[in-house]
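Below: the structure, in C-alpha cells.
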Amino acid sequence: MLEEEETSSYEASSIDSEVNNPNDIDDKQSVTKQPGTLSKFSGKWTMERVRDSLSEEVRDYQKKYPGERRNIFYRRIAEIQNLIEAEGWRLKPPKFNKENCSFWLTDKGITRVKRVFGILLDTFLPHANLVDRNGEKIPDLSIKSNPPRIFAPITEEEAKQLERQHGCGFWGITERNIYYNIPDDITELRPVLEFAYNKHLGQ
C-alpha cells in the first residue's frame, strides 16, 4: 500500500539524486523544487519538452544509457502526461530522479502526497524480490532485454482483475508495485493508470 507524505508544501518535479529503485523510494522523504519544472510549459507534451525540462544533473547521468532508450523513456513520459491532461486527472507535474519518473497526487490540501504510478528508465531491481505472474523470481536481465516499464502501486489481485476486465497483462510483481511492459499505444494501459489514480484519490 502506498505510504503517504506529510509536508507543509510540495513540488513534484524535484530530483532525488540517490534513489534508483521505486521500491526503495521513501514516500515520506522531503520534496523540494528544482530547476526544470515541467509545469512551466503549456500545450502538448513531446519527447523534446520532457528532455529539455530535466536538470543538468539528471541529463548528464542518463547519458550513460543508449540514446534510443532515453528517447523511449522521454516519449512515454510525454504520452502519459498528455493522457493525464486529457483525462483531467489532478496530478502534480512529474517528479524525476536519475532512473525513474513518478506521478504524484496531493490530497487534503497540499499536505498529503501519494505516488500513483511511474515509469522506470532502468528496471534492474536487484533488491526488489521481483517475481513474474506465476510467482517465479525474474532473473537479472541485461539492459538490452529490459526496456523501460510502467509501475503502479496496486495489489496483485487488483492487477489480475484489471487483466480479466481489460486485457492489461502485467510483467512483474514486487511487494509494493506491479510492473507493466509499455504498449505502442499508451492508452491500452489507461484502465491501469485510471484505477491507480482513483484508488489513491480515495474513490
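Taking a point 7 Å out from the Cα of Thr46 in the direction of its Cβ, the residues of the range 60-80 whose backbone N falls within less than 17 Å of it are 71-80. Footprinting exposure proxy ranking of Val113, Val50, fewest other C-beta atoms within 10 angstrom first, gives Val113, Val50. Taking label positions 7 Å along the Cα-Cβ direction at both Glu57 and Lys137, the computed distance is 3.4 nm, reported to one decimal. If I take R0 = 35 Å and measure r between the Cβ atoms of Arg190 and Asn146 in this structure, what FRET efficiency does the formula 1/(1 + (r/R0)^6) give, to the nearest 0.05? E between Arg190 and Asn146, to the nearest 0.05, is 0.90.
Taking amide H as placed 1.01 Å from N in the peptide plane, Arg149 has its amide H under 5 Å from the amide H of Leu120, each at least 5 places away in sequence or on another chain. Fewest neighbouring Cβ atoms within 10 Å first, the residues His166, His200 line up as His166, His200.
Rule-based calculations on the coordinates, nothing more; no lab input. Note that this is a predicted model, so its numbers are computed, not measured. Quick reminder, even Gly has a Cβ in these numbers, built from the backbone with ideal geometry, and neighbours come from all protein chains shown.
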